[in-house]
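Visitor: Below you will find the structure I want to go over with you.
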Amino acid sequence: MPIPSLSRSTTRYARLLALTFAAIVLPYVLINTPSFALLGNNVVLNLGTLSLAMAASVGVLALVVLVGYNGQLALAAGFFMGVGAYLSIILSDRVGLPSVLPAVASVAVCAGLGALIGLPALRIRGTYLALVTITLAAVFPALVRLPALKDYTGGSDGLLLEGQSEAPTWLPVADAPLLLGHIPGIGPFLIGTRPLGISQAGNVWAYFVVLISTVFIFWLVAGVLRGRTGRAIISVRDNEIAAAANGVNVGRTKLMAFALSGAVGGAAGCLYAEVYRIVAPESFGLTLAIYLLFGMILGGHRTMAGAAVGGFAVAYLPAITSQITHLPGVPDRYLNGPTASLTLGLLLVIFPMLMPAGVVEKFGRRGGGRRAESSPGDEPVATAGTEGVLPASDSVVRAPGRIITTPDRRSTVVD
Amino acid sequence: VDLFLARVLDGVATGALYASVALALVLIYKATALINFAQGEMAMIGAFLVYVLAVEHNVPILVALPLVMVLSAAGGVVLHRTIIQRFDPRDHLPVVMVTLGLLLVLNAIAAIVFGYDARRLPQIFPEGNAFSFGIASLRWYTLGVLAVSCLTLVGLTLLLKYTRIGLKFRAVATTLDSAQLVGVRVNGVIALAWAMAAAIGTMAATLYVSDPLRQLDPLVMERVLIFAAAAAVLGGLDSLWGSLVGGIILGLAESLVVGYVSWVPPELGMVVALGTLILVLLWRPSGLYGAKTIVRV
């Protein structure tokens, strides 16, 4: 069913507009902590979970870059999240760097750390690499509790980000309900028409900060992955030898993927710190590493959209399962343990059997969608004889993880 | 000197237990070239079952342990048949995910059913010391653990060397496809590896927590798994005896470094394991006794 391109881009803008609108209205709905009934339980949703979901999306993106796009089974994204979160808090509380500087510095440090960890990873691969990196993630809480670092990291007590997020006065963050509350239908019920208090406005502001950062990070990473470096990263995944034969510096490319993943993971940590404003060693251990892995697997490890979906699952599944305290046929005492881990673990076991490529590829709209418009520009470059050239059509055509089946797309590649 | 001796003995005992878990990892790795990240949690569940039998139902622990080992073996076979067998071990990502998922599931089940309270297991070996020299003393526990670990290893070696099933196992471990071609039922052999690994793991976990200085809780095996994995890699992931050597080296390193270097806190034990892991993989990827692999390009 060929759709004229004009109408396609119009629907695209319409969708974008709708999404933006939803992104602006949603925090004002969630700030009132709406609840719904699920199997006889009262499940409350709050804004923190949504903000956390975006931070988690960025964390999953760090994995996707390294595992999905570069084919390295490195699972230390949780470690970088930990470093990013701790470092940004230390830099802002102890060192006293203003505004976004702590975040920028932590991301830079994490990129460096990523490259550093990538160095040994050049010689370790497959399951071994998974073993080393998962150990690294598991060791993080122990590292934080080291007496030598205790003055900075707070040991087992964790750290508090001082102050609270405050919306800038020139933005009508607190007064927005006066306007939004009049949206017919949802407004009066879900939003209300009273302006927000200071702490509520702070939470909404934190949400917007995280939202904008997340979109920015995804956009940035998408740009990197679409460009020369990105094609090199993908070509190394598909066939290292062929990539090297075509002039890709495999070692350097792997290091860059590691640095990129480290930076993205660190950024996720900063966002986490911004949302939660408190960090503890146990938040960043083995469990987080496996949760992020789950997010990657659920969404699909070869798509960025998968990272977004996965991040939401990572934040919302535990938030919901922890509120389910009654289930028909199950004694209540079995429902107040780590049911989130149980659910996620089971899904992690089941998913590879049911849909090895993740939900985005399974249910996503026909392969093309958004990428179809942006790709004609870069595909020919890949086939024209520069660095990213790949031997078989395999890797080029199968751009970031999507097996292209749409007729229009195939024709663009042939062009 | 006495204190030194005591620490060495402690280190060796802990190391022997790391070695036993490492042995379980090696068995599965030899059969299918996958690292079973869930091994520690499988063993932990086994130890809990021993606890339930021995403490809540008053079965003598020397009866309960073998019983649970048989149960774990059955559990290992079930896990392999229902889940692991579906995946191609050469494709690392799904297998790593599934075993990590199992880690999470088993851990959560233990925490939900038994809670996080630490429990004390009855001792398996007689209390007190077998010998003592000054302050240093050789506890029966240490002696027992060493003996059991070595016996397991000897038994396993004999089994693999001199029995028909051992021959099949070695055939599968060497080349899976050829073994299949000459009529070995590959999946049966791999299932056997899972059974043995599960039983050995249960034994190791039970011995580990039956030390009067340790207690049983759902988190106890995370640390052991990391050490065991490091030990297995240090010894060479496909070498049975390598796992013993690796385990003892790591046990000693942990006990001596933490004991003697005053500024090194106990938390750093795990970092020692991680460091060992990285160094070995960098400088000698096949470990001390592992077979070198040559990749044909």
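The values are calculated or read from the model by the stated rules, or taken from the named source; none is laboratory data. Quick caveat, the model's predicted, so the values are computed rather than measured. So basically every Cβ, Gly included, is an ideal-geometry build from the backbone, and we count neighbours across all protein chains shown. For accessibility, only protein heavy atoms count, side chains too; no ligands or nucleic acids. Shrake-Rupley method; radii C 1.70, N 1.55, O 1.52, S 1.80 Å.
Visitor: Need one number: convex hull volume per residue for the protein assembly as shown, Cα atoms only, in Å³.
Guide: 183 Å³
Visitor: Next question. Using a 1.4 Å probe, what is the accessible area per residue for chain B, in Å²?
Guide: It amounts to 43 Å² per residue over chain B.
Visitor: Can you give the Rg to Rh ratio for chain B, taking only C-alpha atoms and Rh from Kirkwood?
Guide: On the Cα set of chain B, Rg over Rh gives 0.97.
Visitor: Moving on to the next point. Between the stretch B:1-60 and the stretch B:65-111, what's the alpha-carbon centroid distance in Å?
Guide: 16 Å
Visitor: How much accessible area per residue does the stretch A:261-341 have, in Å², with a 1.4 Å probe?
Guide: Counting only protein heavy atoms, the per-residue value for the stretch A:261-341 is 33 Å².
Visitor: Where the centre of each part is set by its Cα atoms, how far does the stretch A:24-42 sit from the stretch B:189-254, in angstrom?
Guide: Computed from Cα coordinates, the inter-centre distance equals 47 Å.
Visitor: Sticking with this one: Please report, in debye to the nearest 20, how large the charge dipole of the protein assembly as shown is about its Cα centre when each Lys and Arg carries +1 at its beta carbon and each Asp and Glu carries -1 there.
Guide: 1820 debye
Visitor: To the nearest whole number, what is the average tally of beta carbon atoms from other chains within 10 Å of the beta carbons of peptide B:271-279?
Guide: Counting Cβ atoms of other protein chains within 10 Å of each residue's Cβ and averaging gives 4.
Visitor: Continuing with this model, one more query. Ignoring any ligand, DNA or RNA, what whole percent of the accessible area of the protein assembly as shown comes from carbon and sulfur when the probe is 1.4 angstrom?
Guide: Of all accessible area on the protein assembly as shown, carbon and sulfur atoms account for 67 percent.
Visitor: Where does helix B:186-210 land angle-wise versus the long Cα axis of chain B, in degrees 0 to 90, nearest 10?
Guide: It is inclined by approximately 10 degrees.
Visitor: For the stretch B:124-190, with only Lys/Arg (+1) and Asp/Glu (-1) charged at the beta-carbon, what is the dipole magnitude about the Cα centre, in debye rounded to 20?
Guide: Rounded to the nearest 20 debye, it is 280 debye.
Visitor: Quick check: the angle from helix B:140-162's long axis to the longest principal axis of chain B, C-alpha only, nearest 10 degrees?
Guide: 20 degrees
Visitor: If amide hydrogens are placed 1.01 Å from N in the peptide plane, which non-local residues have theirs closer than 5 Å to the one on residue A:278?
Guide: Those qualifying (amide H under 5 Å, at least 5 residues apart or on another chain) are A:161.
Visitor: On a 0 to 90° scale, report how tilted helix B:268-283 is relative to the longest principal axis of chain B, with both axes built from alpha carbons and the result rounded to the nearest 10.
Guide: Around 40 degrees separate the two axes.
Visitor: Which residues belonging to the stretch B:70-103 lose at least 20 Å² of 1.4 Å-probe accessible area when the assembly is complete, relative to their chain isolated?
Guide: For the stretch B:70-103, once contacts with the other chains are taken into account, B:83, B:86, B:87, B:92, B:93, B:96, B:97, B:98, B:100, B:101, B:103 lose 20 Å² or more.
Visitor: Take the Cα atoms of the stretch A:191-233, find their three principal axes, and give me the spread along each one in whole Å, biggest first.
Guide: Cα extents, longest axis first: 52, 16, 8 Å.
Visitor: Threshold 10 Å², probe 1.4 Å: give the residues of the stretch B:229-246, in number order, that are less accessible with all protein chains present than with their chain alone.
Guide: Residues shielded by partner chains are B:229, B:233, B:237.
Visitor: Apply the Karplus parameterisation 6.51 cos²θ - 1.76 cosθ + 1.60, with θ equal to phi minus 60°, to every residue of the stretch B:169-181 and state each ³J(HN,Hα) to the nearest whole Hz, in sequence, with x for glycine and proline.
Guide: 4, 5, 4, 5, 5, 6, 9, 4, 5, 5, 4, 5, 5
Visitor: Now for a different question. Let me understand the stretch B:1-121 better: what is its radius of gyration from the alpha carbons, and its Dmax, in angstrom?
Guide: Values for the stretch B:1-121 (Cα only, Rg and Dmax): 16.8, 54 Å.
Visitor: Grab the eigenvalues of the alpha-carbon gyration tensor for the stretch A:21-167, scale each by 5, take roots, and send me the semi-axes largest first in whole angstrom.
Guide: Equivalent ellipsoid semi-axes, largest first: 31, 23, 16 Å.
Visitor: Same structure, new question: I'd like the Karplus ³J(HN,Hα) series for the stretch B:77-89: coefficients 6.51, -1.76, 1.60, θ = phi - 60°, whole numbers in Hz, and an x wherever there's a Gly or Pro.
Guide: 5, 4, 4, 5, 5, 7, 10, 5, 4, 6, 10, 7, x
Visitor: A further question follows. How much accessible area is lost when chains A and B come together, counting both sides, with a 1.4 Å probe, in Å² rounded to the nearest 100?
Guide: Counting protein atoms only, the buried area is about 3800 Å².
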